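Notes to accompany the following structure.
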Amino acid sequence: MSQALESLRQSADQRFSSLGWPNRRVEAYKYSDLSGLKQLETADAIATPPSGLDALTGIDGLSLVSASQASAELQDKIGSLIPLDDAVAAYSTAHLDEVIVLTIARNTKIEQPLVLDHGRMATGSSFPRYLVVLEKGAEAELVERYAANSDGMTCPVVEIFVEPGAQLKHYRAQTEAVASTHLGWTAAEVGRDANYRHIALNQGAGLARHNIRVTLAGTGAHVDLLGLHLLQGKQSCDSHTYINHAAPNTTSNEVYKSVVAGSANSIFQGKIYVAKDSQKIEGNQMSRGLLLGPRARVNNKPELEIYADDVICSHGSTVGALDEAALFYLRARGIPADRAKQIMVEAFINDVLEDLGDASELEAHWQPVINEYLSAVFAGDQAD
Amino acid sequence: MAATVDTVERVKKISVETYKYGFETDVEMDRIPKGLNEDIVRMISAKKNEPEWLLDWRLEAYRRWTQMEEPDWAKVSFPKIDYNDYYYYAAPKSLADKPKSLDEVDPKLLDTYKRLGIPLDEQERLAGVAVDAVFDSVSVATTFKHKLEEAGVIFMPISEAVAKHPELVQKYLGTVVPTTDNYFAALNSAVFTDGSFVYVPKGVRCPMELSTYFRINAQETGQFERTLIVCDDDAYVSYLEGCTAPMRDENQLHAAVVELIVMDNAEIKYSTVQNWYPGDENGKGGIYNFVTKRAQCRGVNSKVSWTQVETGSAVTWKYPSCVLQGDGSQGEFYSIAITNNLQQADTGTKMIHVGKNTRSRIISKGISAGRSDQTYRGLVKMLPKAQGARNFTQCDSLLIGDRCGAHTVPYIEVANPSAAVEHEATTSKVSDDQLFYCRQRGMNEEKALALIVNGFVKEVLQELPMEFAVEAQALVEISLEGSVG
Amino acid sequence: MLSIQNLHAQIEEEEKAILKGLNLEINPGEVHAIMGPNGAGKSTLGNVLAGKDGYEVTEGSVFFKGQDLLALDVEERAHVGLFLAFQYPVEIPGVQMLNFLRTCTNETRLARGLPELSGMDFLKLARAKAADLKINPDMLKRSVNSGFSGGEKKRAEILQMALLEPQFAVLDETDSGLDIDALRIVSEGVNALRDGKRSFLVITHYQRLLDHIKPDHVHVLADGQIVRSGGPELALELEERGYVDYEKAA
């Protein structure tokens, strides 16, 4: 490991020692108590190299190297987008080992999705770490998948630079077993007239936390953040998003939807921040929770923090059960209650997915997860 | 933009010039020594001839307060307060012997209220509104006492109620906001001086609006009023408070506690027009307004409606809340907050849904101008037993000028699947299209802005009792006069 | 009454020229129609005359009753008698129509040296004008244009015109979004305000409005200039042939 990365790792280690796992008194973790994670700290760090990396070799315009082979300039970007005062970021970074650096060359469009597929098949902790750089005018589709079949922790960190005029579509699916704990970070900086679209599926892990931080750094930059929580049993899933309109004329659109069965707990905390002098901003956010289980819970904290006046920002948040009138309507047309409910939940979910076009990732990998979730929830085995 | 700079300059000038309540009344004061300790608490209690239980209650609060820390989560910042640098009791000497009637009250005091637009004497008093006038630490006078007594309504300074209705005060005091609820509530419990007590008995619809007018006058003095309103079954009362203070260079402290208790099918409508001195254009002086207001809807189908127009104070920390315990109970919060110059306000509400089919509604309109910072902070909480509960929240912020901030921090916690919460928030500036439209029809920019802003806050203004809506509307316009270049 | 000479205007931010040397003379009592393809600059003309921010006049002059119109603020242009009926009237939530109309009327009266009208006098006047225009007086209680149907919005514009009594009115695509009945009612309102002294500039894409509001002169605006002028027959010709002859050669 280079000197710079080693010192980053060490300072993160020190940061984490003083922070510790946050409890509910830490505002950002108000609804996700991580103070019980102490016992996992000693778990073995296990490497889970993504499968499918081989498929990415030999693609024109794509460079895939480990950090030690990357230029000093690229190495400097590692750790620059995630704040170490966040305990999860500090913890992950303290375990920094291998960093994979993907660079998409200037004005190159890569048709094939860049798939980073992680399956943790043993107890322990894994710390996947990526730096993704889309150079000016580049275009690509990034796919992250996290699965695990045993207890332990997955703590991935992905830092993304979408340089001026570049476009990135980013699919992230987390479908780990409920025994697993997932603590992830996604941080992106979006340059002038660049476009970043992040779509997250959170269906797995007993305790999940996903931090997303997007900085719109150049005028004309745009971000879409779309997310789904599909929860059941005793799962707790927390998406914590932060969109920083750091430049004028930037726009953001955010939609998060949670379907919560059993006694699961869905948490969405999303802040739109508009810096001073960032004029002509449009930022819209919607978070919606659908409660299916008798002890299901939704905790939403949408937030606007605005220091410029020429802005149009809004957020909306709704939490409730399925619409009784619509349910009645469907049943009156002869559809059994459970089927009617399922149809409505599908509609609720599809609302997020429908304008994503014909992405193969959705078809091949997300839809089966969604179907499985729906049949589990509506099979009647959701007593608690 | 030149226009914006000009705007800020003009707003500055006008808001200071238009604080017409900034005068000081020169009366001889009786004060206890500066500082805060157990002896001071004992002295306050002795000044008020309080019973033993109340002194013990105060001392307990004081001890707990010394172990607590000032909350730091609100989005406001101010230099550390030296709580030993205030006077905790200040009363005009002339009131020491409890004047029996207005004829015995120092004319200077009566004149003060007259200048504030709240005449207390028989001929001029506001028709249909009973007023309790609190001057620093004591009540000056309460009007229409007899008429209210006939109806069975108790409306008197809380220190008088402690003497005359100890059983009622002891039964309810601190049951909504416990002494240790928060730092400022604990402080208030230890040193509160006056405030109003209202009891509306079963089945009584209070025949007139009740109103308390708070005035801070003395230098370096904190005001710690305590208001307790109990509305028994099927009763109704509408209560309004107003507040002003002289212009002073030092910051003054105001930490109030208001407790409302509403029984079966009863309703309290509580309105506030808060116009404490906001400080000058450089943020010098002004009131620190740290207030805990909470209502408990204990009875079935009970209802509380908080309406506030907040234009004053240097720093505001205030979240009038409703605990909706009774099945079918309702809570409402209507708020207009305007900040200008260097004012900071962190305000909002909490709606805690405990009972079945409880309803709440939040309409908040914030306007930030100058270099001010304003935050709406709210909590809507649906507890597991809140079957069928509903909330609707609309929270809009308007920005005037590019050096102010507007923030929205709602917490939505739902633990009952049959409950429904709907929250909407927007932040924007006055639309150019609206301004152009009004100007094309012949209005100058200032007039157009006033009109548009008035439209923006209309939904809340119309919740105020008639007698005060006009005054509040004028206050909104004054606060924004000169806001466009 | 209105004299536009060699008017050049651009959108400030984009520095994109929209009007490129427009000339137009309108005499008292005349009704002129300006027709043209989309993007010709029709609405820009209305906005520039009214003084909307975001447009920059780079060349030329506009004189209104001998006065340099371009030197006046938006509201001053209204005071001297220029009225713009908006294509999309702006909604102002919470502001009651009656209050809005009274403020407009009194501000204009004051500027013209007339005394303000009392609340009562104004209410009578507004009700009378509304009745003339067959407008339901309930509209006066609603918020300005909020939740109004397309027809109601346009009728409200005509009501404002009737109250402010301008000497010159620009009707910007007043027919857009109106069904045939609403179009007739709005046109009747406009016609009622034609008194031989008041002038109108009717901006429209379609001829159908001109069946109801008969123009004295018709002009074709294309690419920022008036490229053809004629009588009412020109409108019929455009209706038949469309704007193909005038579309920009792309």
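The values are calculated or read from the model by the stated rules, or taken from the named source; none is laboratory data. This structure is a prediction, so every number in the text was calculated from the model and none was measured. Because the Cβ atoms are built from the backbone with ideal geometry, glycine has one as well, and the counts that use them run over all protein chains shown. The protein model used for the area step is the full one, side chains on, heavy atoms only, and it has no ligands, DNA or RNA in it. Shrake-Rupley method; radii C 1.70, N 1.55, O 1.52, S 1.80 Å.
Of all the residues that make up region B:414-448, how many are open to solvent by less than 10 Å² (accessible area, probe 1.4 Å) and either facing another protein chain (nearest Cβ under 7 Å) or more than 17 Å from C:LEU49 (Cα to Cα) (or both)?
13
Any chance region B:452-460 includes a residue that's open to solvent by 50 Å² or more (accessible area, probe 1.4 Å) and within 7 Å of chain C (Cβ to nearest Cβ)?
Within region B:452-460, one or more residues are open to solvent by 50 Å² or more (accessible area, probe 1.4 Å) and within 7 Å of chain C (Cβ to nearest Cβ).
Is it the case that B:ALA255 is among the aliphatic types (A, V, I, L, M) and under 26 Å from B:ALA389 (Cβ atoms)?
So B:ALA255 does not fit the description; no.
Run B:THR212 past the list (1) over 24 Å from B:ASP39 (Cβ atoms); (2) open to solvent by 30 Å² or more (accessible area, probe 1.4 Å) and report the number of the one that doesn't hold.
Going through (1) over 24 Å from B:ASP39 (Cβ atoms); (2) open to solvent by 30 Å² or more (accessible area, probe 1.4 Å) one by one, B:THR212 breaks only (2).
Hey, any hits in region A:91-99 for a residue that's of a type in the set (A, V, I, L, M), closer than 19 Å to A:SER2 by Cα and surrounded by fewer than 23 Cβ atoms within 10 Å (Cβ to Cβ)?
The answer is yes, given that some residue of region A:91-99 is of a type in the set (A, V, I, L, M), closer than 19 Å to A:SER2 by Cα and surrounded by fewer than 23 Cβ atoms within 10 Å (Cβ to Cβ).
Spot the failing condition for A:TRP185; the list is (1) under 22 Å from A:GLN367 (Cα atoms); (2) at pLDDT 95 or above, and only one is missed.
(1)
Which of (1) assigned to a strand (DSSP E or B); (2) within 30 Å of B:LYS365 (Cβ to Cβ) does C:ASN6 not meet, given it meets every other one?
(2)
Are there any pairs, at least 6 apart or on different chains, whose C-beta atoms fall under 8 Å, with the first in region C:174-198 and in contact (Cβ under 8 Å) with a residue 40 or more places away in the chain and the second aromatic (Phe, Trp, Tyr), and if so, which?
Short answer, once both residue conditions are applied: C:ARG194/C:PHE200; C:ARG198/C:PHE168.
If A:SER360 satisfies every condition in (1) of a type in the set (Ser, Thr, Tyr); (2) away from chain B (no Cβ under 13 Å); (3) open to solvent by less than 50 Å² (accessible area, probe 1.4 Å) but one, which is the exception?
All conditions pass for A:SER360, except number (3).
Tally time: how many residues in region B:31-74 are under 21 Å from B:ASP136 (Cα atoms), in a loop (DSSP other than H, G, I, E, B) and of a type in the set (A, V, I, L, M, F, W, C)?
2
Can you pull out every residue in region B:385-412 that is open to solvent by 20 Å² or more (accessible area, probe 1.4 Å), at the interface with chain A (Cβ under 7 Å from one of its Cβ atoms) and modelled with pLDDT of 95 or more?
B:TYR411
Only residues that are in contact (Cβ under 8 Å) with a residue 60 or more places away in the chain and either touching a Phe, Trp or Tyr at 6+ places or on another chain (Cβ under 6 Å) or in a loop (DSSP other than H, G, I, E, B) (or both): list them for region A:88-115, please.
Correct list: A:ALA89, A:ALA90, A:TYR91, A:SER92, A:ALA94, A:HIS95, A:LEU96, A:ASP97, A:VAL99, A:PRO113.
Restricting region B:352-370 to residues that are among the charged types (D, E, K, R) and part of a strand (DSSP E or B), which is surrounded by the most Cβ atoms within 10 Å (Cβ to Cβ)?
B:LYS365
Where in region A:181-252 are there strands (runs of 3 or more DSSP E), lying fully within it, with 2 or more residues that are touching a helix residue (DSSP H, G or I) at 6+ places or on another chain (Cβ under 6 Å), over 21 Å from A:ASP86 (Cα atoms) and touching a residue at least 24 places away in the same chain (Cβ under 8 Å)?
Hits in region A:181-252: A:222-231.
Only one of (1) under 19 Å from A:SER239 (Cβ atoms); (2) touching a residue at least 40 places away in the same chain (Cβ under 8 Å); (3) in contact with a Ser or Thr (Cβ under 8 Å, 6 or more places away or on another chain); (4) not β-branched (Val, Ile, Thr) is not met by A:ARG297, so which one is it?
All conditions are met except number (2).
What are the residue pairs meeting all of these: first residue in region C:105-126, first residue modelled with pLDDT of 90 or more, second residue of a type in the set (Val, Ile, Thr) and buried (at least 16 other Cβ atoms within 10 Å of the Cβ), Cβ atoms under 7 Å, and 6 or more apart or on different chains?
Correct list of pairs: C:LEU117/C:THR105; C:PHE122/C:THR105.
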